[in-house]
Amino acid sequence: MKLLKTLQFSVTLALCAFLILPVLMSIAAGVSDNYAQGITHGLTLRWVAAVWTQYRQAVALSVLVAIACCAITLLVGVPAGYVLARSRHRAARLAEGLLMLPVAVPGLASALGLLVIYGSFGAFRNSLWFIVTGHIVFTLPFMVRSVAAVCASVDLRTLEEGAASLGAGLWQRGISVVLPVIRPGIVAGALTVVTLSLGEFNLTWMLHTPLTQTLPVGLADAYASMRIEIGSAYTLIFFLILIPLLILMQACGVNTPMAGHRNAR
Amino acid sequence: MKLDSVPIRLERCAKTFPGAARPVLKPLDLDIAAGETVVLLGPSGCGKTTTLRLIAGLERPDAGGRVFFGAEDVSARPIEERQVGMVFQNYALFPHMNVRQNVAYGLSIRRLPPQQIARRVDELLALTRLDALAERQIAQLSGGQRQRVALARALAPQPRVLLLDEPLTALDAQLRESLRTEMNTLLRNLGVTTVYVTHDQAEAMALGDKIVVMSAGAIEQIGTPRDIYHQPANAVVASFIGTMNQLEGVWRDGALHCAGGRLIAAPGAQPRSRLWFRPEDVILTPSGGELHGVVESATFLGGHTRLSLSGVGAAPILVDAPGRTRYATGERIGFSLAAEVWHTPLPDTETTTC
Ligand SMILES: Nc1ncnc2c1ncn2[C@@H]1O[C@H](COP(=O)(O)OP(=O)(O)O)[C@@H](O)[C@H]1O
Ligand SMILES: [Mg+2]
């Protein structure tokens, strides 16, 4: 018995080490004076500062894209999720199935599609909105799914009928009953969208121009073209932005996007 | 607390759901007087909820059907304009609000002054004995408490009509009985026109001024609980409400002759070859008796013993024997029938099923 416990504990520990060690190593590299000579050689924030000055623009752009993407998926995805869950029509079930298609299709393919359609609209193609569009294609399904799942889990139809019987019109029902009841789904969806948008690389890499470089694209750039310490310092900054979001998601009981993808039905 | 109430009138209200081949409700007419409690009674799936939703305005009748509240034709009005109070089968309480907020909802929607809302909500919480639970979340309430919140919430905006869809079905038997009594007192005091849906005949008997017996989307009989029980209009009603025995025989010389013996007709009775009677119409006669049967089974039910007697007619006769007497299977016992059974109108015998 004791042996089994010990074994279990060791395996868990090993697994954690396996997952966390590369991250720790990377962070360590980002604050080392000279990584080749080891972390004991000296610690510095020099690299972090250097990354910040060089890629501040990418951080700002990423946050901007994430906010715009979140706003638009909220405006479109919440009503869509609600309608989808409430509809008893067969077309609604079909739409639900098709919804995950853009997620299943590789980001590169979606990006190519967008380039083929909009590539010739110069101003749009070169603007940040092009990236935002790509991110919406990728994240909207998660928002719709998240909202539709909550709508289906409570008997929204009867709650609305209850509100109507008490004299509430369409808008009053929406504001006083529907929105508060499905709020957990909306919050979960928004957090998922922001996290996915901040981390999205494949699609963004295809769509970006030198002036519309986001955080993950910048990271690839930093690793490819500069010393290991710069890339690692970049990772550190990336983590500092993402980790609070992930903690918030955990606190709100949101499944990680891919798990959510599998569990949504 | 007393509510203003209106009479309700359904005219040729049928209902066919989109895509369905057959109507769920055949065209039905129904008149409900102001302040009356009418119970819609029938087996599950016979269209009670649909009828209630037609009255509420949650469903529209097929072309030609009309719904009146008093003189006003409300057929085209949505539920939010009909001023009805509705208690749903699953209560449909708002999970994001506490008890007080749920009860206040209909008043807040009407933008009444806060003091007035608070006063009215307190009044209703007291009426439904929920004062102590006012700040509770819905998830923290028991089934019986939820039922009372749903009732208080429906009554708060002073509805013209109260509609209840199986409000006690979700509760356990004991609670159901005590709440039934409570509900009865409340409805009498409120004097609001009430339509109450149930499939429980005991509930229907206890609460209804009138009972509407439904089956397969049609009304079988409308009457007071006594009418329905003692003078069922047809075999469907007779078999759905309580237990009904049927005894067939041959009419000869002012008596009914059957396998169990010879039953002399009550004075003034019409000649009959078939009698319908309830278990309580049977009078057990330990010494002799006109008819005899053999105890096939005896089930002790506390207040009485339910006996099934064979060898009287075609089907076993069910009898409720009062008192502490023990009956053994195979025992032969004598009985006669109350004189009233000769005057019970014969329900027509064709059977419809749901
Ligand atoms: N929205 C609906 N769409 C299609 N059929 C329905 C709908 N609501 C009820 N029905 C059907 O109508 C019939 C009567 O239902 P209902 O009025 O709920 O019966 P009851 O309340 O007496 O149990 C049932 O056969 C049910 O399946
Ligand atoms: Mg029903």
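Read-outs: derived from the displayed coordinates by stated rules, not from any lab. The structure displayed is predicted, hence computed values, not measured ones. As a convention, Cβ positions derive from the backbone with ideal geometry for all residues, glycine included, and neighbour counts pool all protein chains shown.
So, R0 is 56 Å and r is the distance between the beta-carbons of B:Arg262 and A:Arg86; what FRET efficiency does that work out to, to 0.05?
Numbers: r = 68 Å, r/R0 = 1.21.
Plugging the Cβ-Cβ distance into 1/(1 + (r/R0)^6) gives 0.25.
Rounded to a whole number of µm²/s, how large is the Stokes-Einstein D of the stretch A:71-182 at 20 °C and 1.002 mPa s, given Rh as the Kirkwood radius over C-alpha pairs?
Working: Rh = 15.9 Å.
Translational D for this selection: 135 µm²/s.
Run the quick spin-label model on A:Arg183 and A:Tyr223: label points 7 Å from Cα toward the beta carbon, then report their separation in nm to one decimal.
Inter-label distance under the simple model: 4.0 nm.
Jot down the radius of gyration and Dmax of the stretch B:185-324, Cα atoms only, both in angstrom.
Radius of gyration, then largest Cα-Cα span, for the stretch B:185-324: 18.1, 56 Å.
How far apart, in nanometres, would the label points at B:Gln89 and B:Glu248 be if each is projected 7 angstrom from Cα along the Cα-to-Cβ direction?
According to this spin-label approximation, the distance is 3.7 nm.
Given contacts defined as C-alpha pairs under 8 Å and at least six residues apart, what's the relative contact order of chain A, whole-number percent? The partial results should precede the final answer.
Numbers: 278 pairs, mean separation 79.1, N = 265.
Relative contact order here is 30 percent.
What is the sum of charges around B:Tyr327, taking Lys and Arg as +1, Asp and Glu as -1, for the other residues whose C-beta is under 13 Å from the C-beta of B:Tyr327? Spell out each step's value before the answer.
Numbers: positive: B:Arg306, B:Arg324, B:Arg326, B:Arg332; negative: B:Glu296, B:Asp320, B:Glu331.
Surrounding charge for B:Tyr327 is +1.
What are the equivalent ellipsoid semi-axes of chain B, built from the alpha-carbon gyration tensor (square roots of five times its eigenvalues), in whole angstrom, biggest first? Could you put the intermediate results ahead of the total?
Numbers: eigenvalues 422, 122, 51 Å².
Its equivalent ellipsoid spans semi-axes of 46, 25, 16 Å.
When the Karplus curve 6.51 cos²θ - 1.76 cosθ + 1.60 is applied with θ = phi - 60°, which whole-Hz ³J(HN,Hα) does each residue of the stretch A:247-252 get, with x for Gly and Pro?
Coupling constants for the stretch A:247-252: 5, 4, 4, 4, 4, 8 Hz.
How big is the protein assembly as shown by Rg and Dmax over its Cα atoms, in Å?
Rg then Dmax for the protein assembly as shown, in Å: 36.3, 125.
What size of dipole, in debye to the nearest 20, comes out for chain B about its Cα centre when the only charges are +1 on Lys and Arg C-beta atoms and -1 on Asp and Glu C-beta atoms? Please report the intermediate quantities before stating the final value.
On the way: 37 positive and 36 negative charges, 161 e Å.
Using only the charged Cβ atoms, the result is roughly 780 debye.
Could you identify which residue out of A:Ala164, A:Ala148, A:Ala60 has the top mean-square fluctuation in a GNM of chain A using Cα springs shorter than 10 Å?
Highest fluctuation of the listed residues: A:Ala164.
How far is the Cα center of the stretch B:188-236 from the Cα center of the stretch A:17-92, in Å?
Taking the Cα centre of each part, the stretch B:188-236 and the stretch A:17-92 sit 66 Å apart.
Please enumerate, by chain and number, the lysines with C-alpha under 24 Å from the C-alpha of B:Lys210, excluding those fewer than 8 residues away in the same chain.
List returned: B:Lys2, B:Lys15, B:Lys26, B:Lys48.
Can you tell me the FRET efficiency between A:Thr44 and A:Phe124 if r is taken as the Cβ-Cβ distance and R0 is 30 Å, rounded to the nearest 0.05? Working shown, then result.
Values: r = 43 Å, r/R0 = 1.42.
According to the calculation, E is roughly 0.10.
Using 0.36 nm times the number of residues separating B:Glu182 and B:Asp73, minus their current alpha carbon distance, what extension gain do you get?
That pair, B:Glu182 and B:Asp73, stretches by 35.9 nm at full extension.
By average Cβ neighbour count within 10 Å, what is the ranking of A:201-210, B:263-272, A:235-244 from highest down? Before the final figure, lay out the partial values.
On the way: A:201-210: 18.0, B:263-272: 13.3, A:235-244: 15.7.
Answer by packing, highest mean first, reads A:201-210, A:235-244, B:263-272.
Across 5 Å bins from the origin, how do the percents of Cα pairs in the stretch B:48-146 run, short distances first?
2, 11, 18, 18, 16, 14, 11, 6, 2, 0
Along the charge dipole of the protein assembly as shown, which of A:Val76, B:Leu125, A:Val23 sits closest to the positive end, that is, farthest toward it, with unit charges on the beta carbon of Lys, Arg, Asp and Glu (+1, +1, -1, -1)?
The residue sitting farthest along the positive end of the dipole is A:Val23.
Fewest to most neighbouring Cβ within 10 Å: what's the order for A:Thr12, A:Thr214, B:Thr198?
Values: A:Thr12 10, A:Thr214 29, B:Thr198 24.
Least to most surrounded, the residues fall as A:Thr12, B:Thr198, A:Thr214.
How charged is the neighbourhood of A:Tyr35? Take every other residue with its Cβ under 14 Å from the Cβ of A:Tyr35, and add Lys/Arg as +1 and Asp/Glu as -1.
Numbers: positive: A:Arg46, A:Arg227; negative: A:Asp33, A:Glu229.
Residues near A:Tyr35 contribute 0 overall.
Could you give the dipole magnitude of the protein assembly as shown about its Cα centre, charging the beta-carbon of Lys and Arg +1 and that of Asp and Glu -1, in debye to the nearest 20?
I would put it at about 1260 debye.
For a quick size check, give me the Cα extents of the stretch A:97-253 along its three principal axes, largest first, whole Å.
Here the Cα extents, ordered largest to smallest, are 66, 38, 26 Å.
Thinking of chain A as a set of Cα atoms, what percent of all their pairs are more than 35 Å apart?
Values: 10949 of 34980 pairs.
For chain A, the fraction of Cα-Cα distances above 35 Å is 31 percent.
Can you tell me the length gained on complete extension of the stretch A:Asn202 to A:Val154, counting 0.36 nm per residue apart and subtracting the Cα distance? Please report the intermediate quantities before stating the final value.
Details: separation 48, 0.36 × 48 = 17.28 nm, distance 3.63 nm.
So the extension gain works out to 13.6 nm.
Report the residue, chosen from B:Val294, B:Val213, B:Val24, that carries the largest GNM mean-square fluctuation when chain B is represented by alpha-carbon nodes joined by springs under 10 Å.
Evaluated over chain B, the most mobile residue of the options is B:Val294.
Quickly work out the A:Leu101-to-A:Ala28 label distance, labels modelled 7 Å from Cα along the C-beta direction, and quote it in nm with one decimal.
4.8
Using only the alpha carbons, work out the radius of gyration and Dmax of the stretch B:65-211 in angstrom.
Reported Rg and Dmax, both Å: 15.4, 45.
Net charge near B:Ser215: determine it from the other residues with C-beta under 12 Å of the C-beta of B:Ser215, scoring Lys and Arg +1 and Asp and Glu -1.
Details: positive: B:Lys26, B:Lys48; negative: B:Glu220.
Neighbour charge sum, excluding B:Ser215 itself: +1.
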